[in-house]
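J.: Have a look at this one.
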Amino acid sequence: MSQSNAYTVISAQNDHECTTVRAHPRNETFHIVDYADEDARERVADLPVGSVVRMELSRAGRRSNVWCAESVTTARTDGGESR
């Protein structure tokens with residue numbers, strides 16, 4: 001299962017490479033713990049809290065509410081600027 005939507009970064013990537021995002025408009029929270037490739041990991045690592053991104057997410061194993069970022073496209077940053 002994968003889903004592509006707009007998400008707001010609510011917790012920047014930590015030392016364990018986990019980032020927390022909230023989906024629009026449902027306000028569901030997703031913990032991103034895996035990345036399709038190094039480019040996706042770096043794109044997410046560069047996002048400040050408040051950024052809005054389009055991502056395709058897929059389940060990361062069988063654990064509850066952990067996800068893999070398959071693709072990442074910045075929609076706007078916390079300053080409202082396009083990147």
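What follows draws every value from the coordinates through simple rules; no lab data is involved. The shown structure was predicted, so the numbers you read here are calculated from the model rather than taken from an experiment.
J.: Would you grab the residues whose amide H sits under 5 Å from the one on Tyr35? Only those 5+ places off in sequence or on another chain, please, with H modelled 1.01 Å from N.
T.: For Tyr35, whose amide H was placed from the backbone, the distant partners under 5 Å are Ala69.
J.: Name the residues whose placed amide hydrogens come within less than 5 Å of the amide hydrogen of Glu28, ignoring near sequence neighbours (fewer than 5 apart) on the same chain.
T.: Close amide H contacts, sequence-distant or interchain: Ala23.
J.: Still on this structure, please answer the following. Using alpha-carbon pairs under 8 Å, 6+ residues apart, how would you state the relative contact order of the range 3-65 in percent?
T.: Numbers: 101 pairs, mean separation 25.6, N = 63.
In percent, rounded to a whole number, it is 41.
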